[in-house]
Amino acid sequence: MEPSRPLDALNKARNKKVIVELKNSKQFRGTLIAFDIHINTVLDDAEEYVDGELKRKIGTIFLRGDTITLIAPQ
Amino acid sequence: MEPSRPLDALNKARNKKVIVELKNSKQFRGTLIAFDIHINTVLDDAEEYVDGELKRKIGTIFLRGDTITLIAPQ
Amino acid sequence: MEPSRPLDALNKARNKKVIVELKNSKQFRGTLIAFDIHINTVLDDAEEYVDGELKRKIGTIFLRGDTITLIAPQ
Amino acid sequence: MEPSRPLDALNKARNKKVIVELKNSKQFRGTLIAFDIHINTVLDDAEEYVDGELKRKIGTIFLRGDTITLIAPQ
Amino acid sequence: MEPSRPLDALNKARNKKVIVELKNSKQFRGTLIAFDIHINTVLDDAEEYVDGELKRKIGTIFLRGDTITLIAPQ
Amino acid sequence: MEPSRPLDALNKARNKKVIVELKNSKQFRGTLIAFDIHINTVLDDAEEYVDGELKRKIGTIFLRGDTITLIAPQ
Amino acid sequence: MEPSRPLDALNKARNKKVIVELKNSKQFRGTLIAFDIHINTVLDDAEEYVDGELKRKIGTIFLRGDTITLIAPQ
């Protein structure tokens, strides 16, 4: 069996709810629609949270990969 | 069906209103005219917002990709 | 018709007045003489503004692309 | 005998408990599931620690490589 | 006529006095001896200025390109 | 005789004690087991020092190259 | 005559005393033993200075290129 690769974990999370955290400490929650090898990421039904509080609902959002620190399937 | 890619979401937003946020916390709203794989982005009828308040109207603006954190179609 | 690309907007601004803002918040105004794919940029008759006030007149200036956040034709 | 390479140390830690520290000082502990040459890393049963205190349990987490400073097998 | 390129402006400044500013706000003045596509730059008879005051005379200095924000021929 | 290259100095330090300092000011001391062209580095019997005081013993540690400022054989 | 290139200045400084300054404001003085195109640099008989005061003597030191702002032959 091949050892698994990091993007496999993101592939499994497609169309599922994920948390994405950015270098500027912003947190977004939404449905993972797309990502690429740079970790550019698109969420649907995205919501921005600050300190655990909902700050705004955004709909679709494109996040530039180099600003992302982590992605966690919920 | 092919899994969608992040730039597909930007392609759908062409000629539509988007919000662009930068690493320095500036926010621009305008019509998405162009972007490339580096996420260099051109907006038309751009307006700069600071803390939700309109700061200035700019017309056409070129934003260097590596300064962008997110793009959200409105 | 081909979708437009970000550098097309800069090409249209050649030999015209532009505003260039840097990551360190400096702002330069001048005539756009040259740029490349890294967004290295040369202005003529350049002036540096701080908080909207003219700080110095510089003549020709070479700006390294990775320090630039935005370029706006005036 | 070939001199060992840095990723050999990560390969040995596969499916074992590791500590991962980020540039923003966050610390994650979990089971190392996957990594690539960019050091993009996936942990299972991940827990986030702040100042040595457990902050949250996360399950699976994808960490973007360029945000990581160190990985230590436990 | 070919549109001019940013490095043309630096080529014209060879063996002439230039001001170089760095991301850490240091300013160097000296004779531009050499540069490359990364904007690695060598000055001769270099002087470091802080807030417009001469801080030290250095002679020859190699400046790593990615630390440079601007180069202005004097 | 060929001029020496920077990685030659690291090669000579293999299996010897080194000090590694990071951009976040952390200092690690340990035995240099492996490094690559990105300066990704693995230490054995690693110890973390803060302001010259031993903070923790870690065993094996993988340090991502872009976080390293210097490596000094002891 | 070919225009000179930035690394020529470093080549001339081989086996001579240089000052190296880092992005974190540390200054090292020592004999330039080796460098490469990334400006990874090795000094011998290196000394670290803080605010002009000798802080420590280090012997051989490897400095990662992307942390270096300037190199000045003494």
* To do: Rounded to whole Hz and in sequence order, give me ³J(HN,Hα) for the range F:16-22 from the Karplus expression 6.51 cos²θ - 1.76 cosθ + 1.60, θ = phi - 60°, writing x for Gly and Pro.
  => 10, 6, 9, 9, 10, 10, 9
* Structure fact -> Buried accessible area between E and G, both sides, 1.4 Å probe, in Å² rounded to 100, is 1500
* Asked: At what distance in nm do the modelled label points of E:D51 and F:R14 sit from each other, each positioned 7 Å from its Cα along Cα→Cβ?
  -> 5.2
* Asked: Between the range B:35-74 and the range D:14-74, what's the alpha-carbon centroid distance in Å?
  -> 33
* **Per-selection Kirkwood Rh - the protein assembly as shown (Cα, Å, 1 d.p.)** => 25.0
* To do: Mind telling me which of E:L43, E:L22, E:L54 comes out most flexible in a GNM of chain E, alpha-carbon contacts under 10 Å?
  => E:L54
* Residues of the protein assembly as shown: accessible area per residue with a 1.4 Å probe, Å² -> 49
* Relative to a virtual label point 7 Å from the Cα of D:R5 in the Cα→beta-carbon direction, which members of the range F:4-38 show backbone nitrogen distances below 15 Å? -> F:34-38
* Taking amide hydrogens as modeled 1.01 Å from N in the peptide plane, which residues meet the under 5 Å criterion relative to A:K55, leaving out close sequence neighbours? -> A:E48, A:Y49, A:V50
* Which whole-Hz couplings ³J(HN,Hα) result when phi for each residue of the range B:41-55 is put into the Karplus expression 6.51 cos²θ - 1.76 cosθ + 1.60, θ = phi - 60°, listed in order with x for Gly and Pro? -> 9, 10, 10, 10, 6, 7, 10, 9, 10, 10, 6, x, 9, 4, 9
* To do: Bin width 10 Å, alpha-carbon pairs only: give the P(r) of chain E as whole percents, running from 0 to the bin holding the largest distance.
  => 21, 56, 19, 4, 0
* To do: Count neighbours as other Cβ atoms within 10 Å of each site's Cβ, and list the trypsin sites (Lys or Arg not before Pro) in the range B:8-74 that are DSSP loop with at most 15 such neighbours.
  => B:R14, B:K16
* From the phi of every residue in the range C:60-67, what ³J(HN,Hα) in whole Hz does the Karplus formula 6.51 cos²θ - 1.76 cosθ + 1.60 yield, where θ is phi - 60° and glycine or proline is x? -> 7, 9, 9, 10, 6, x, 6, 9
* To do: Whenever you get a sec, compute what percent of the accessible area on the range C:6-73 sits on carbon and sulfur atoms (1.4 Å probe).
  => 49
* Please list, or write none, the lysines whose alpha carbon is within less than 16 Å of the alpha carbon of D:K55, excluding same-chain residues fewer than 8 places away. => D:K26
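The values are calculated or read from the model by the stated rules, or taken from the named source; none is laboratory data. Please read these numbers as outputs of a predicted model, since none were measured by experiment. Note that each Cβ is placed from the backbone with ideal geometry, even for glycine, and that neighbours are counted across all protein chains shown. Accessible surface is based on the protein model in full, side chains and every heavy atom, while ligands, DNA and RNA are left aside. Shrake-Rupley method; radii C 1.70, N 1.55, O 1.52, S 1.80 Å.
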